[in-house]
Amino acid sequence: MIKFFKTDENVRILETDKFEQGCWVELVNPTDDEVDDIRALTGVSEDLLKAALDEEESARVDTEDGATMYIVDSPMLVDTEDGNMYTTIPVAIIYNEKCIVSVSLSSNPVLHGIRLNRNKVSTKKPVEFILNFMLENVKRFSHSLKQIDKKSLRLQAELHKSMRNQELIELLTLQDSLVYFSTALSANASVYGRLSRMEGVQSSEEYRDVADDILIESRQAAEMCSIYRDILKTTMDAFSSVISNNVNNVVKRLTIITILVAIPTLIAGLLGMNVKLPFGMDSITGSPYEFWIVLGVCVLLTALCSILLAKMTDKVKIRTPKQVKKKRRK
């Protein structure tokens, strides 16, 4: 898809039908024919136009044939089978003496905000355009990180009520999103550093201030991402321990039940064999109370084993530090 935009005399960004000097060309997942057309109109090489179409392209700065390209990773919210997930895609901003060209694989919310011209950006000033995009892109990272934190807190609250696989899968998805963000912010930082040293930026105090804001916002977003990653990792480890402990408790209960059920089964099996029994047990044959005698023995042995197992379980019971202090005081 190709769109052309140009700033009018009132600094409003308006869409135009054709290429003009000093315009902004937006390419969204362009075809080979569209890339060839823009290459012929703008003079930007095909390599620069197609650089951002690779999902694995890393953030970098490149110059070729009088055109300068800045590629940075931008946050995106995508739909997956496990729900919404934050990821990053490369976005290229290329400029030369003729125009500005932006290239991305999908529609970018930061570029959409520029199209609305909330910050009064001129397409005739490439440095201003790039600085504005970089600043809004970093702010987008911070906003997305806050949304991830809110969703993480909501999922943790739901997990406290009931352990379900869906919430755990969504937490793992958020953890993956933070990994993508951390990698992207680290790669983008090198581009921001080169941008701040750009001759066009250093020549204007206003541009230098914006470049400093970009670096500050980038460091803050990286710190936020690192903190949220550590918190989420600790949370996942805690929930893993809880799940493991719950499984151990279930296995323990099943083991106790199996042992208790095995006692009357063993006695009934022994008495049901067609052999001579010890301790004069054959003398009860034909007695009207023989069933109740056997049942009483089974109940008595089962009760004794229950008491013994309860005492053994209590000895290995894990206590919290507060419970240990209370017991010592007693």
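The values are calculated or read from the model by the stated rules, or taken from the named source; none is laboratory data. No experiment lies behind these values; they were computed from the predicted model shown. A quick note on method: Cβ atoms are made from the backbone with ideal geometry, for glycine too, and the neighbour counts reach across all protein chains shown.
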If you go through region 56-69 one residue at a time, how many are under 22 Å from D36 (Cβ atoms) and touching a strand residue (DSSP E or B) at 6+ places or on another chain (Cβ under 8 Å)? 6
Is there any pair with a first residue in region 10-31 that is free of Cβ contacts under 8 Å to residues at least 60 places away in the same chain and a second that is surrounded by fewer than 17 Cβ atoms within 10 Å (Cβ to Cβ) and assigned to a loop (DSSP other than H, G, I, E, B) whose Cβ atoms are under 7 Å apart and which are 6 or more apart or on different chains, and what are they? L14/D8
Can you find a residue in region 157-172 that is of a type in the set (V, I, T) and at pLDDT below 85? yes
Looking at region 194-209, which of the residues that are among the aliphatic types (A, V, I, L, M) and part of a helix (DSSP H, G or I) is nearest to F141 (Cα to Cα)? L195
Considering each of D230, D212 in turn, give the residue that is within 17 Å of S142 (Cα to Cα), loosely packed, with under 15 Cβ neighbours inside 10 Å and touching a helix residue (DSSP H, G or I) at 6+ places or on another chain (Cβ under 8 Å). D212
Consider only pairs whose beta carbons are under 7 Å apart and that are at least six residues apart or on different chains; among these, list those whose first residue lies in region 168-179 and is touching a residue at least 12 places away in the same chain (Cβ under 8 Å) and in the same structural domain as I89 (by TED's automatic domain parsing) and whose second residue is crowded, with 21+ Cβ neighbours inside 10 Å and outside any helix (DSSP H, G or I). S177/Y86
Close pairs (6 angstrom Cβ cut-off, 6 or more residues apart or separate chains): assigned by TED's automatic domain parsing to the domain that holds D62 in region 190-219, of a type in the set (F, W, Y) and assigned to a helix (DSSP H, G or I) anywhere: V201/Y207; I214/Y192; L215/Y192; S218/Y192
I'm checking my understanding of the structure. Among residues of region 178-197 that are touching a helix residue (DSSP H, G or I) at 6+ places or on another chain (Cβ under 7 Å) and of a type in the set (F, W, Y), which one is nearest to V72 (Cα to Cα)? Y192
Any idea which of V261, V242 is of a type in the set (V, I, T), under 27 Å from L304 (Cα atoms), out of contact with any Asp or Glu (no Cβ under 7 Å at 6 or more places or on another chain) and surrounded by 10 or more Cβ atoms within 10 Å (Cβ to Cβ)? V261
Hits in region 83-130 - residues which are under 26 Å from the mean Cα position of the chain (by Cα) and on the phi > 0 side of the Ramachandran plot: G83
So D79, is it under 30 Å from E167 (Cα atoms), among the charged types (D, E, K, R) and without any contact (Cβ under 8 Å) to a residue 12 or more places away in the chain: yes
Does I267 satisfy the condition of being surrounded by fewer than 16 Cβ atoms within 10 Å (Cβ to Cβ), over 29 Å from the mean Cα position of the chain (by Cα), touching a residue at least 24 places away in the same chain (Cβ under 8 Å) and in the same structural domain as A303 (by TED's automatic domain parsing)? no
Condition first: in contact with an Asp or Glu (Cβ under 8 Å, 6 or more places away or on another chain) and either more than 19 Å from E34 (Cα to Cα) or not assigned by TED's automatic domain parsing to the domain that holds A40 (or both). Now tell me which residues in region 97-114 satisfy that. V110, L111, G113, I114
Which residues, taken from region 107-131, are of a type in the set (S, T, N, Q), modelled with pLDDT of 85 or more and more than 17 Å from A59 (Cα to Cα)? S107
Test each condition in (1) at pLDDT 85 or above; (2) over 16 Å from the mean Cα position of the chain (by Cα) for V179 and report the one that comes out false. (2)
